[in-house]
Amino acid sequence: MTEKPNFFQTLISGAGQTLPIAALTALMAFGTLMVNVQIQLSELKLKSDETLRVLARSEESREKALAWLKEEIEDIELRVDRLEGRN
């Protein structure tokens with residue numbers, strides 16, 4: 001006679017089959033998470049590099065604008081001096 005397995009034997013037998021599948025699924029999920037994190041990090045690095053380039057360009061533009069304003073101020077001062085006869 002074959003004995004019918006009781007509830008706990010069935011549970012242990014089923015757990016023995018599902019534990020490796022669960023572990024494999026967990027490893028796959030972890031691997032997917034790591035890939036997603038790497039993608040996000042590379043996108044953030046690209047954005048930070050782009051931001052630094054924009055900041056550098058804006059700094060250069062600011063310096064050029066300041067130099068132009070300085071030249072304009074000097075030109076205006078020369079014109080005022082000429083008009084006032086101080087030249």
What value, in deg cm²/dmol to 500, does the helix sum -39500 (n - 2.57) over DSSP H runs of n ≥ 4 give at 222 nm once divided by the residues of the chain? -34000 deg cm²/dmol
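With +1 assigned to the C-beta of every Lys and Arg and -1 to the C-beta of every Asp and Glu, and no other charges, what is the dipole magnitude of the chain about the Cα centre in debye, to the nearest 20? List each step's numbers first, then the result.
Working: 11 positive and 14 negative charges, 119 e Å.
Value, rounded to 20: 580 debye.
Applying 1/(1 + (r/R0)^6) with R0 = 25 Å to the Cβ-Cβ distance of Asp81 and Glu60, what FRET efficiency is obtained, to the nearest 0.05? Write out the running numbers ahead of the final one.
On the way: r = 32 Å, r/R0 = 1.27.
Efficiency, from the Cβ-Cβ distance: 0.20.
With a sphere of radius 15 Å drawn around the Cβ of Ile76, what net charge do the other residues whose Cβ falls strictly inside it have (Lys, Arg +1; Asp, Glu -1)? It would help to have the intermediate numbers written out before the result.
Working: positive: Lys70, Arg79, Arg82, Arg86; negative: Glu71, Glu72, Glu74, Asp75, Glu77, Asp81, Glu84.
Cβ neighbours under 15 Å give a net charge of -3.
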Entry for mean projected area of the Cα convex hull in nm² (calculated from the structure that is shown) out of (i) 5.5; (ii) 9.6; (iii) 7.4: (ii)
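Give the carbon-plus-sulfur fraction of the accessible surface of the chain in %, rounded to a whole number; probe 1.4 Å, heavy atoms of protein chains only.
Exposed carbon and sulfur together represent 65 percent of the surface.
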Starting from the 7 Å offset along Cα-to-Cβ, what nm value, one decimal, do you get for the label separation of Thr25 and Trp68? 6.4
Among Leu46, Leu66, Gln9, whose Cα sits farthest toward the positive end of the charge dipole of the chain (+1 at Cβ of Lys/Arg, -1 at Cβ of Asp/Glu, about the Cα centre)? Gln9
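The values are calculated or read from the model by the stated rules, or taken from the named source; none is laboratory data. Small disclaimer: the values here were computed from a predicted structure and weren't measured. Backbone-built Cβ (ideal geometry, glycine too); neighbour counts: all protein chains shown. All accessible areas refer to the heavy atoms of the entire protein, side chains included, with ligands and DNA or RNA removed. Shrake-Rupley method; radii C 1.70, N 1.55, O 1.52, S 1.80 Å.
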